[in-house]
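Just so it is clear, none of the values below were taken in a lab; they were calculated from the coordinates. Since we're looking at a predicted model, the values are computed, not measured. In this analysis, Cβ positions are derived from the backbone assuming ideal geometry, glycine residues included, and neighbour counts consider all displayed protein chains.
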Amino acid sequence: MEAARWAPSSSNLQPWRFIVAKTEEQKLKFQEFIKPNNRLWTDRAPVLALIASHKLRQDGQPNGAHAFDTGAAWASIALQAHLLGLATRAVGGYDKDKARQVLNVPDEYELHAVIALGYRGSRDALPEELREREEPNGRRPLTDSIIEGSF
Ligand SMILES: Cc1cc2nc3c(=O)[nH]c(=O)nc-3n(C[C@H](O)[C@H](O)[C@H](O)COP(=O)(O)O)c2cc1C
């Protein structure tokens with residue numbers, strides 16, 4: 001979270017908010033809105049965080065960069081966790097309306113992903129069909145992402 005605090009943001013507005021669940025009582029609330037197939041990744045995590053962003057600038061006008069900046073903050077959490085020997089998994093598979101209601105999130109905040117933060121588990125602990133899929137993911141070549149000059 002400290003790494004995320006230092007993420008860059010438009011006008012230094014720091015639109016990110018992290019709704020953190022650490023106690024059993026707090027984590028039970030998260031279970032109410034995380035989709036059942038994703039609870040495999042979240043139920044045993046010691047810490048969950050719902051990443052939200054404040055959509056408005058100080059003058060009440062929309063902050064067009066709130067999602068972009070909050071993405072930078074979450075990426076900082078993921079990288080710092082990795083450096084500390086921890087693992088993260090972002091989970092977008094949850095009911096946003098339910099989460100907003102259960103956690104009393106005001107309308108001016110957009111909800112993004114739930115982050116499970118903890119120690120990497122053993123592959124053997126997974127159900128068989130997932131065990132086979134649980135290989136490191138690749139990425140497409142960098143040249144497919146770079147558009148030189150113009151589209
Ligand atoms: C915003 C976001 C939402 C995601 N939602 C889910 C999800 O609901 N369930 C899941 O199993 N993985 C989810 N993931 C994990 C991605 O599928 C995973 O990061 C991607 O396949 C690349 O794999 P890697 O991070 O292991 O390299 C999500 C990742 C992000 C960034």
Fewest to most Cβ atoms within 10 Å: Tyr109, Tyr119 sort as Tyr119, Tyr109
Run down the lysines and flag those whose C-alpha is under 20 Å from the C-alpha of Lys35, throwing out any fewer than 8 positions away in its chain.
-> Lys22, Lys27, Lys96, Lys98
Whole-Hz ³J(HN,Hα) from phi, Karplus 6.51 cos²θ - 1.76 cosθ + 1.60, for segment 35-50, glycine and proline x | 5, x, 5, 9, 5, 4, 8, 10, 5, 9, 6, x, 9, 10, 9, 8
Would you order Ile19, Ile146, Ile77 from fewest to most other beta-carbon atoms within 10 Å of each residue's own beta-carbon?
-> Ile146, Ile19, Ile77
For the chain, what is the mean residue ellipticity at 222 nm derived from helices alone (per DSSP H run of n ≥ 4: -39500 (n - 2.57); sum divided by total residues; nearest 500 deg cm²/dmol)?
-> -8500 deg cm²/dmol
Which residues qualify? For Ala113, with a placed amide H closer than 5 Å and at least 5 residues away or on another chain, they are Ile51
Rounded, prolate or oblate (a/c below 1.5 giving rounded, otherwise prolate when a/b exceeds b/c) for the chain by Cα gyration tensor | oblate
³J(HN,Hα) computed for each position of segment 104-115 - Karplus, 6.51 cos²θ - 1.76 cosθ + 1.60, integer Hz, glycine/proline x | 6, 8, x, 4, 6, 10, 8, 9, 10, 10, 8, 10
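How large is the dipole of segment 36-122 about the Cα centre if only Lys and Arg carry +1 and Asp and Glu carry -1, each at its Cβ, rounded to the nearest 20 debye?
Numbers: 9 positive and 8 negative charges, 77 e Å.
Its charge dipole is roughly 360 debye.
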Which residues in segment 19-55 place their backbone N less than 16 Å from a point set 7 Å from the Cα of Glu129 along the Cα-to-Cβ direction?
-> 36-41
